[in-house]
Every structure is written in structure tokens, then in C-alpha cells.
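Have a look at the structure below before the remarks.
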Amino acid sequence: MAWFKKTKELRTDKKGKIQEGLWVKCDNCREIVYKKEIDRNLSVCPKCNYHFRISARYRLKLLVDEGSFIEFDENIVSLDPLNFNDRISYKDRLKENQKKSGLKEAVISGDALIKGCPVSLVIMDFSFMGGSMGSVVGEKVSRAAERAIEKKLPLITVTSSGGARMQEGIFSLMQMAKVAASISRLKENGILYISILCDPTFGGVTASFATIGDIIIAEPKSLIGFAGPRVIEQTIKQPLPDAFQRADLLLEHGLIDLVVDRKNLREKLAKLFELLL
């Protein structure tokens, strides 16, 4: 299932209102689009090509060969080392997000085939606490890198995250160094690492494993950075361009290597494997 921002109910004729959820307002162009049309287009706006956020399970379905995914570390769950409380306790927040997303954590990982090529794969899900990186996310990324080295498989990560998970404090920030060290071992062993950045990718995820790939790919119009544009504007006291931190501008300035539409991503990965493996 894709994750959409539902519009308010819209009147159509004398018979009453359109059923709620039939229409979606695009976050980019603000046009109101028939939801089934977006579903048929792989959760991409047909008017402006904005790529909506999608669940990790749906992205997995789009990327890998059918029936090829073998999940690892699915039973690792977060603890509450700081006994953290804000509006609700961290333990309750985890339960709430597990129920909402259908996942135990903000990332799924395992081995799969992409157009017949075996890979180690990590996919983040923004619907689970904003895809934030806590101890479990860092552990699963590190283990996926270790499996890639052991099995001599390319590692593919798909990120969609607001950054480090504040409820775990320093334990979350430590994951940045941990995953970066694991990725460095890939390079030492000559293992290909491809990072795919989706909307949004921010904070400690951007500052660690998301932007140190051998090849960095982004979906069109994805928002990518460390601090958000509002924070930067307030800091430098200057207006920012409309395309600031968007994938196309980052491609122009060399931070990423490719911008690839969702419908073409699987084929593009297969082509890269053919050229580089």
C-alpha cells in the first residue's frame, strides 16, 4: 500500500459527496488526482511526476523478482534504554507504530534477486516513526553489509528517513559511525554498494550510509539533505531557491549520480549490475 495524504471530501453532483479516499492532493503540484490513477502509475503523480512515499513492502514488490526475497533479522525489536517519555512513552510509541505500519521496525532487510542478480537489500519505511534510525535500524543495516561481504553480494539500500531517533539519544547517534564503518568494509572487500535516496532522506541517515554509496541514485523531486530548508533559512537569514535540496538540483551539483523514475529503477539496477559485476 502507498501512503497518501487524503483530501477533504469533494462535492460532485446532486447525489451528494464523493466517497472519502477516492481523490488525492499531490504534495508537489497541489493538483487533485483520482487515487486509482495514481495507484496504476506506481504511486507517482501523473501530472507532475512527483513520487509519493510508499511502504517498504510495496517498494520491495516493485524492485525484486517475485518470490525471491528472504528476510533476515525480522524479529529484532527496539528496547527503551533511556526510559524515554514525551507525549507518550517510547515503548507505547513503538507499539503504536508497529500496529500502524505492520512492521516491527523502520527497516526491512534480507537477500533477494533483482532481474536474476542476487543482492543484499535494505529498505526503510517512513511510516514507522518517520523512518528514524535507532539501534535496530543501525544493527540491521550493519548486518546486511556483513552478509554482503560474506556472500560477495552487492548491497542495495533504499532510504526514506527523517534522521536519527531522538528517543534513543546517544544510542541512535552512535549508529552513524557504526553503519559507516560497516560500509567502509564493503569498499575494502571490493563489494558494490548502491544507495537509493527517496523522499525524504535527512539527518543522520544522510550523514552516514545514504550518501557514501559507490553509486547514489535518487527518485525525482526527492527532498534530500541534513537539516531541513526551514532551519537553514532561519540560520542564514536568506531565502532559498524552490528546488533547494531536491534531487534534480543535487544531481546538477554532483551530490548524486542518477535521478531515476520509479518505473525504471529495477531495469536501471539490472543494467548497472551488468556493467559493474
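Do we find that Ile88 is buried (at least 16 other Cβ atoms within 10 Å of the Cβ) and over 16 Å from the mean Cα position of the chain (by Cα) in this structure? So Ile88 fails the test. In the range 208-226, of all residues being farther than 22 Å from Ser127 by Cβ and in contact with a Phe, Trp or Tyr (Cβ under 6 Å, 6 or more places away or on another chain), the one that is surrounded by the most Cβ atoms within 10 Å (Cβ to Cβ) corresponds to Gly213. Hey, Met174 hits all of (1) more than 30 Å from Lys47 (Cα to Cα); (2) under 14 Å from the mean Cα position of the chain (by Cα) but one; which does it fall short on? Tallying (1) more than 30 Å from Lys47 (Cα to Cα); (2) under 14 Å from the mean Cα position of the chain (by Cα), Met174 fails exactly one: (2). Once the range 65-78 is narrowed to residues that are without any contact (Cβ under 8 Å) to a residue 60 or more places away in the chain and either of a type in the set (A, V, I, L, M) or not assigned by TED's automatic domain parsing to the domain that holds Gly102 (or both), the residue that is nearest to Leu103 (Cα to Cα) is Val77. Among residues that are closer than 18 Å to Glu71 by Cβ, surrounded by fewer than 24 Cβ atoms within 10 Å (Cβ to Cβ) and in the same structural domain as Gly228 (by TED's automatic domain parsing), Arg185 is not included. For the range 83-103, the condition of being out of contact with any Asp or Glu (no Cβ under 8 Å at 6 or more places or on another chain), within 18 Å of Phe126 (Cβ to Cβ) and not in a helix (DSSP H, G or I) holds for at least one residue.
What residue, of Leu113, Leu153, Leu197, is assigned to a loop (DSSP other than H, G, I, E, B) and over 20 Å from Lys91 (Cα atoms)? Criteria check complete, one pass: Leu153.
Results for (1) outside any helix (DSSP H, G or I); (2) of a type outside the set (Asp, Glu), shown as yes or no for each residue.
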{"site": "Glu146", "(1), (2)": "no, no"}
{"site": "Val158", "(1), (2)": "yes, yes"}
{"site": "Gly169", "(1), (2)": "no, yes"}
{"site": "Gln175", "(1), (2)": "no, yes"}
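Candidates in the range 110-151 are the residues that are acidic (Asp, Glu) and in contact (Cβ under 8 Å) with a residue 60 or more places away in the chain; of these, the one that is surrounded by the fewest Cβ atoms within 10 Å (Cβ to Cβ) is Glu139.
Return yes or no: is Lys115 charged (D, E, K, R), over 20 Å from Ile217 (Cβ atoms) and assigned by TED's automatic domain parsing to the domain that holds Ser184? So Lys115 fails the test. In this structure, Ser135 does not satisfy being touching a Leu at 6+ places or on another chain (Cβ under 7 Å), in the same structural domain as Gly213 (by TED's automatic domain parsing) and closer than 18 Å to Arg165 by Cβ. Checked against (1) at pLDDT 90 or above; (2) surrounded by fewer than 16 Cβ atoms within 10 Å (Cβ to Cβ), Trp23 passes all but condition (2). Do you know which residues across the range 45-69 are under 14 Å from the mean Cα position of the chain (by Cα) and in a loop (DSSP other than H, G, I, E, B)? Answer for the range 45-69, where residues must be under 14 Å from the mean Cα position of the chain (by Cα) and in a loop (DSSP other than H, G, I, E, B): Phe52, Arg53, Ser55.
The C-beta contact set for the range 224-242 (first residue more than 20 Å from Pro200 (Cα to Cα), second residue small (Gly, Ala, Ser), distance under 8 angstrom, 6+ apart or interchain) comprises Thr235/Ala227. Among the conditions (1) among the hydrophobic types (A, V, I, L, M, F, W, C); (2) over 19 Å from Cys48 (Cα atoms); (3) in a loop (DSSP other than H, G, I, E, B), the only one that Phe244 does not satisfy is (2). Every listed requirement among (1) among the basic types (Lys, Arg); (2) more than 28 Å from Lys151 (Cα to Cα); (3) in contact with a strand residue (DSSP E or B) (Cβ under 8 Å, 6 or more places away or on another chain); (4) surrounded by fewer than 20 Cβ atoms within 10 Å (Cβ to Cβ) is met by Arg230 save one, (3).
The values are calculated or read from the model by the stated rules, or taken from the named source; none is laboratory data. Since this is a predicted model, take the numbers as computed values, not measurements. Cβ: placed from backbone, ideal geometry, glycine included. Neighbour counts: every protein chain shown.
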